[in-house]
Amino acid sequence: MKKLLVSLLICLAAPLWAQDEAASSKRNPYGLDIVNTAEAYRKAVVSNPDNRLVNLEKFIPGIRIDIRYATENNFTKTRIYTSPKAYLRKPAAEALKKVQKDLKKEGLGIVIYDAYRPYAATLYFYEVYKDTVFVASPRTGSIHNRGCAVDLGLIDLKTGRYIEMPTEFDSFTKEAAAYYPDLSPARIANRTKLQQVMVRHGFDIYEDEWWHFNYGDREKYKLMDIPFEELD
């Protein structure tokens, strides 16, 4: 497993032009239709501006970024990403900006744990934890790989503190379910607040994870395996 991780991380960080056919095969062992070069991504954006992956930290005023996979503070206990960044497809980013605006009226804001995720990371996640309730199957890819899924929570804008939610992020437990009932009234109320504002702006609830939301017609966007550094 460690050898696989090293291989994947090297691929994530290495220039795409330097990847040979063998490396490309390791990154896509199931032969999926994946956008895996910066050139292909740029062409997709030219053909349809909605394909652009937007840097959320730059796009949404006051948003907080806490990208756990850019640290060892995640379920793999390994740093997966080479930089702590969050991207979504343009329509999803615009919708999330409206979510932040609505929450701000109540003194609240968004903290992002993860958004667009390169496919190579999905491959490794499944090697670590082979349970497709909490980890996407690499045979189909993740909605995160399409840039249409976001993992997030709430913060108090005045104090900067995290708002109490049902569990910690990536707590693979029954309590993490979107409608799990046996929680304190405060946690249920905070979860409901997040769900309602996200749904109001076009996001769908993922029933097994309170923090995970999918946006709109995500299947029209291709899976992607491009490092964050290739997007800016």
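The values are calculated or read from the model by the stated rules, or taken from the named source; none is laboratory data. Given the structure is predicted, the values throughout are model-derived calculations rather than measurements. In this analysis, Cβ positions are derived from the backbone assuming ideal geometry, glycine residues included, and neighbour counts consider all displayed protein chains.
Going residue by residue through the range 144-156, is there one that turns out to be assigned to a loop (DSSP other than H, G, I, E, B) and either touching a strand residue (DSSP E or B) at 6+ places or on another chain (Cβ under 9 Å) or among the small types (Gly, Ala, Ser) (or both)? Within the range 144-156, one or more residues are assigned to a loop (DSSP other than H, G, I, E, B) and either touching a strand residue (DSSP E or B) at 6+ places or on another chain (Cβ under 9 Å) or among the small types (Gly, Ala, Ser) (or both). Of all residues in the range 209-227, those that are without any contact (Cβ under 8 Å) to a residue 60 or more places away in the chain and closer than 15 Å to residue 199 by Cβ have Cβ atoms under 9 Å from Cβ atoms of residues that are part of a loop (DSSP other than H, G, I, E, B) and of a type in the set (A, V, I, L, M, F, W, C), 6 or more apart or on another chain, in 210/165; 210/177; 210/178. One residue is enough: does the range 202-218 have a residue meeting the conditions modelled with pLDDT under 95 and exposed (fewer than 13 other Cβ atoms within 10 Å of the Cβ)? Within the range 202-218, one or more residues are modelled with pLDDT under 95 and exposed (fewer than 13 other Cβ atoms within 10 Å of the Cβ).
The set of residues from the range 186-201 being exposed (fewer than 13 other Cβ atoms within 10 Å of the Cβ) and touching a helix residue (DSSP H, G or I) at 6+ places or on another chain (Cβ under 9 Å) comprises just one member, 200.
Selection of the range 186-201 for residues being touching a Phe, Trp or Tyr at 6+ places or on another chain (Cβ under 6 Å) and not basic (Lys, Arg) yields only 198.
Criterion first (under 23 Å from residue 230 (Cα atoms) and either exposed (fewer than 13 other Cβ atoms within 10 Å of the Cβ) or not basic (Lys, Arg) (or both)) does residue 163 satisfy it? No: the conditions fail for residue 163.
With respect to residue 194, is the statement that it is in a helix (DSSP H, G or I) and touching a residue at least 40 places away in the same chain (Cβ under 8 Å) true? So residue 194 passes the test.
Checking 136, 189 one by one, the residue that is closer than 19 Å to residue 111 by Cα and of a type in the set (A, V, I, L, M, F, W, C) is 189 and no other. None of 110, 155, 163 is in contact (Cβ under 8 Å) with a residue 60 or more places away in the chain and within 23 Å of residue 71 (Cβ to Cβ) except 155. One residue stands out among those in the range 94-152 that are among the hydrophobic types (A, V, I, L, M, F, W, C) and over 18 Å from residue 205 (Cα atoms): the one that is modelled with the highest pLDDT, which is 108.
Residue 231 meets all of the listed conditions (1) more than 21 Å from residue 26 (Cβ to Cβ); (2) surrounded by fewer than 16 Cβ atoms within 10 Å (Cβ to Cβ); (3) modelled with pLDDT under 95 but one, namely (2).
Summed over the range 93-143, residues that are within 20 Å of residue 53 (Cβ to Cβ) and in a helix (DSSP H, G or I) total 14. Number of residues in the range 1-51 that are at pLDDT 55 or above, crowded, with 17+ Cβ neighbours inside 10 Å and under 14 Å from residue 121 (Cα atoms): the value is 4. When the criteria are applied in full, residue 221 fails the requirement of being of a type outside the set (Val, Ile, Thr) and surrounded by fewer than 20 Cβ atoms within 10 Å (Cβ to Cβ). When residue 183 is tested against (1) modelled with pLDDT of 95 or more; (2) touching a Phe, Trp or Tyr at 6+ places or on another chain (Cβ under 8 Å); (3) buried (at least 17 other Cβ atoms within 10 Å of the Cβ), only condition (2) is not met. Only one of the numbered conditions (1) β-branched (Val, Ile, Thr); (2) crowded, with 21+ Cβ neighbours inside 10 Å; (3) over 14 Å from residue 148 (Cα atoms) is violated by residue 54, and that is (3).
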